[in-house]
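The block underneath contains the structure these notes are about, expressed in C-alpha cells.
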C-alpha cells in the first residue's frame, strides 16, 4: 500500500488568523525533513542538469519561436537575450536557495521559510499553473510536430478534428493527450528509470538543434536582419514576454532536492549549467532561423523550425524529417521532466497539509507518489486536449514570473534573517542582483496581454478560495505537538 511518514514541522507562532497567514517553516526543519524523506536519492550532477535541460529545451524553441518572430522581427535574438537575462537573475537566486534548502518543494518551500504560509501558498499555486499548464502547452506542440512528421514521411496527417482543440479548428487534441499518458507511465516506474529515459531524449534533441543550425546557416542571408528593430523596443519586449516560456523549466532540478545524492553541491551547479547551455542553443537557433527565412514569413507557422528547412534550405525532405523526429523527442522529454516537477511540488504541499495528503503518499516499491502522478496527469491531459497553445504558453509565463520574483525576494530575506546558514552557492552582487531579478520579472509580466492577466486573476482567486476552505485549517503548523503520522 502507499504510505507517507513525515515528521511534522515545529510551529513557529500562535494559530490566530493573522498569525496563520504569516507563520513560517524553519529552515532547519525543512533541511531535516528533506534528509529524512521517503523519496530515494538516485540523481547526480549529470542527471540533475539534464533534468533541467529536459524540462526547458522543447516547445519554446521548436514552436513558440514562430509566435515571437512576428512580434519582434529580426530582433527576436535580442528578445531571447532579454528573456535569458531575466531567467539568469532568478536562476542565481534559485541556485542559492536550492543549495540551502534542498527539498522537493522548490520556490514554494523557499517562500514558506521567508514570507510565510499565505505567500507560500500563492507561490505553490503559481507553480501548479507553471508546471501543469506548461506540460499541456508542450503536449500541444508535440502533436503539431507529430503531424508534421507524418506529412513528411507518409504524406497524410491526423484529421484536424482529432489534432486540435476547440477554438482552433478541432474537437479534441488526441496526440497531446496521448503523450501525457505516455509520460505518466514512465514516471510511475520510478525516478531512476525516468532519469535514464530523459538523458537519452535530451541527447537526441540537442543533436537535432545543432543539426538545424548547421543546415540553416547554409542558407543564411545577412539582409534578413535589416532593419534589426522594425517593430521597436515594444516589439522586443513583447517578444521577450512570449519567449520567456522557452526558459521555463530550468528550475526543475530544484524539485529533485530530495532525490539528489549531494543536493547542496549539485543543485546550484545543475541549475546554472542548464541555463547556460539552453541560452547558447536558443541564440544560435534564432540567428540561424531568421538568417534562413525572412521574419515576415514566420507568421502563422506552427512547426517553426521544420518550416524554415522546408521553405529555405535545399535537400528535399531529409533534414525536415530528421528535425521533426528530434522535435517529437524533445517535446516528449519536456512533458516527462515538467510533469515530474509538478508532482514533487504537490508532494511538498501535501506534506505540509495545504493540499490533501493523498498527494504525498509514496509507493513503497517504486518510491513514487503514485496517486499524485495519476491525478496530475489526468488534469494535464484534459488541458492539453481542449486548450490552444498560445493561451497555455502565456498563462504559464505569468505564473512562472510571479514565482521567480518571490524567489528573488526570498534570497534577500534569508540573507538578512539567517546570514550564518550554510550555503552551497551565494548570489553574486546581492542585493543588486536580486532586485534586478524582481524588476525584470515585473517588466516581462507587463508585456503580457490583458486576457492573460484576467485569466491569472481568476486562477489566483480560485487558489485563495481553496486555501481559505482547506489549506489554512489543515496546515501542519496548526499542530502544537509533533507526532508521527502514517497514512495508508
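Quick notes
- Residue in region 326-340 that is over 21 Å from the mean Cα position of the chain (by Cα), crowded, with 22+ Cβ neighbours inside 10 Å, on the phi < 0 side of the Ramachandran plot and part of a helix (DSSP H, G or I) present: no
- Only listed residue being touching a residue at least 12 places away in the same chain (Cβ under 8 Å) and more than 24 Å from residue 265 (Cβ to Cβ), chosen from 379, 425, 404: 379
- Here 436, 414 are screened, and the one residue that is surrounded by fewer than 22 Cβ atoms within 10 Å (Cβ to Cβ) and over 21 Å from residue 105 (Cα atoms) is 436.
- Given (1) surrounded by fewer than 23 Cβ atoms within 10 Å (Cβ to Cβ); (2) farther than 21 Å from residue 34 by Cα, index of the condition residue 262 fails: (2)
- Top-ranked residue of region 130-159 - restricted to ones that are at pLDDT 80 or above and assigned to a helix (DSSP H, G or I), ranked as surrounded by the most Cβ atoms within 10 Å (Cβ to Cβ): 146
- Of the candidates 127, 88, the single residue that is over 30 Å from residue 163 (Cβ atoms) and either over 13 Å from the mean Cα position of the chain (by Cα) or touching a residue at least 12 places away in the same chain (Cβ under 8 Å) (or both) is 88.
Per-residue answers, yes or no, for (1) at pLDDT below 80; (2) under 17 Å from residue 475 (Cβ atoms); (3) in a helix (DSSP H, G or I); (4) in contact with a strand residue (DSSP E or B) (Cβ under 8 Å, 6 or more places away or on another chain):
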{"residue": "37", "(1), (2), (3), (4)": "yes, no, no, yes"}
{"residue": "40", "(1), (2), (3), (4)": "yes, no, no, no"}
{"residue": "51", "(1), (2), (3), (4)": "no, no, yes, yes"}
{"residue": "54", "(1), (2), (3), (4)": "no, no, yes, no"}
{"residue": "60", "(1), (2), (3), (4)": "yes, no, yes, no"}
{"residue": "76", "(1), (2), (3), (4)": "no, no, yes, no"}
{"residue": "88", "(1), (2), (3), (4)": "no, no, yes, no"}
{"residue": "97", "(1), (2), (3), (4)": "no, no, yes, no"}
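- Within region 306-317, the set of residues being modelled with pLDDT under 80 and either part of a helix (DSSP H, G or I) or loosely packed, with under 11 Cβ neighbours inside 10 Å (or both) comprises 306, 307, 310, 311, 312, 314, 315, 316.
- Members of region 253-262 that are touching a strand residue (DSSP E or B) at 6+ places or on another chain (Cβ under 9 Å) and over 19 Å from residue 336 (Cβ atoms): 261
- Members of region 341-367 that are within 26 Å of residue 201 (Cβ to Cβ), at pLDDT 85 or above and over 18 Å from the mean Cα position of the chain (by Cα): 362
- Flag if residue 203 is under 27 Å from residue 42 (Cβ atoms) and either assigned to a helix (DSSP H, G or I) or at pLDDT 85 or above (or both): yes
- Residue 166 meets each of the listed conditions (1) part of a loop (DSSP other than H, G, I, E, B); (2) within 27 Å of residue 147 (Cα to Cα); (3) at pLDDT 85 or above apart from (3).
- Filter result for residue 439 (modelled with pLDDT of 85 or more, in a loop (DSSP other than H, G, I, E, B) and out of contact with any helix residue (DSSP H, G or I) (no Cβ under 7 Å at 6 or more places or on another chain)): no
A quick yes/no check of all residues on (1) closer than 17 Å to residue 122 by Cα; (2) at pLDDT 90 or above; (3) in a loop (DSSP other than H, G, I, E, B):
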| residue | (1), (2), (3) |
| --- | --- |
| 406 | yes, no, no |
| 422 | no, no, yes |
| 425 | no, no, yes |
| 444 | no, no, no |
| 458 | yes, no, no |
| 462 | yes, yes, no |
| 469 | yes, yes, no |
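- Residue in region 169-176 that is under 20 Å from the mean Cα position of the chain (by Cα), modelled with pLDDT of 80 or more and surrounded by 23 or more Cβ atoms within 10 Å (Cβ to Cβ) present: yes
- For region 370-377, the criterion of being buried (at least 19 other Cβ atoms within 10 Å of the Cβ), within 16 Å of the chain's Cα centre (by Cα), at pLDDT 80 or above and over 14 Å from residue 127 (Cβ atoms) is met by at least one residue.
- Pair list, Cβ < 6 Å and 6+ apart or interchain, from region 450-470 residues that are surrounded by 10 or more Cβ atoms within 10 Å (Cβ to Cβ) to residues that are in a helix (DSSP H, G or I): 452/394; 452/398; 455/395; 456/398; 459/129; 463/125; 467/121
- Residue 180 being part of a helix (DSSP H, G or I), under 19 Å from the mean Cα position of the chain (by Cα) and modelled with pLDDT of 80 or more: yes
- Subset of region 229-257 [surrounded by fewer than 24 Cβ atoms within 10 Å (Cβ to Cβ) and part of a loop (DSSP other than H, G, I, E, B)]: 229, 230, 231
The values are calculated or read from the model by the stated rules, or taken from the named source; none is laboratory data. Everything quoted here is computed from the prediction, not taken from an experiment. Positions of Cβ are backbone-derived with ideal geometry, glycine not excepted, and every protein chain shown enters the neighbour counts.
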